[in-house]
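One structure is given below, encoded as structure tokens.
Please treat every number below as a calculation from the coordinates, not as lab data. Keep in mind that what you see is a predicted model, and the values were worked out from it rather than measured. All Cβ positions, glycine included, derive from the backbone under ideal geometry; neighbour counts span all protein chains shown.
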Amino acid sequence: MNIRKFTATILSAALLLAPCVYASAEDTTAPQSEEAAQTSVIFDSDTKKLECNGCVIISDYQNAPTALLVMTYTNKTANANSPIFDCFQTVFQGGVSLNTTVISDPNYVTYVNSQMTQVKDGASVTYAVPYLLNDTYTNLEVEFKDAIYNGNSFALNISLPADAGGNAESEPASEVDWQTKYNELLEQYKILEEKYNALVSQTEGN
């Protein structure tokens, strides 16, 4: 496998998710869906485990209905890793893939930021990814992969809450501090760039 191509692809995928990483807020309650008790184990291998805790319907920064996909990642190895580099998913609605979006709800941004949190030695992190919905009534299908190349695929169907449309429309639009957002995304980019350069240097050293 071409390590440069691999790391470049990882970096690109992470940067596509970077617009989701916006703001920061302290919150002690993990996002809970109406079907939180029905947590699904997506995969559980010798090296990692991924669980889907369902989704929460909220509004993004433009007051558009958004599905916040909530997951828990466990890294069983001694090498630190984060969900954004170790787990991959595509969300479909009506057969069409959904784009990620930006949220500013202080109850959830911490969990979106947690995509970058590194864990190891059996530790877990709960994180979330916001997806812009095409509508508030068509259920979702999520395709997970445990590796970006030659990984195993896993499918999960998620039903939207019956009152999803009402919840999303009732939330007021949030004003976005674009300068703060730019600065934080730039900082995330620098972190990813450092990771990429470290991987390349390590490979060349071998």
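Computed from the Cβ-Cβ distance with R0 of 35 Å, the FRET efficiency linking Thr180 to Asn150 stands at 0.35.
Counting neighbouring beta carbons within 10 Å and listing from fewest to most, the residues Tyr189, Tyr137 come out as Tyr137, Tyr189. Rounded to the nearest Hz, the phi-derived 3J(HN,Hα) couplings of the stretch 132-145 under the Karplus curve 6.51 cos²θ - 1.76 cosθ + 1.60 (θ = phi - 60°) are 6, 7, 7, 7, 10, 10, 7, 5, 10, 10, 10, 10, 9, 9, where x marks glycine and proline.
The ranking of Ser104, Ser153, Ser40 from fewest to most other beta carbons within 10 Å of each one's beta carbon is Ser153, Ser40, Ser104.
Each residue of the stretch 148-153 is assigned a 3J(HN,Hα), and the resulting list reads 6, 10, 6, x, 7, 9 Hz, derived from the Karplus form 6.51 cos²θ - 1.76 cosθ + 1.60 (θ = phi - 60°), x at Gly and Pro.
In the stretch 26-161, the ratio of gyration radius to Kirkwood radius, Rg to Rh, stands at 0.95 when only Cα atoms are counted. Taking 0.36 nm per residue of separation and subtracting the current Cα-Cα distance, fully stretching the chain between Asn157 and Tyr137 would add 5.8 nm.
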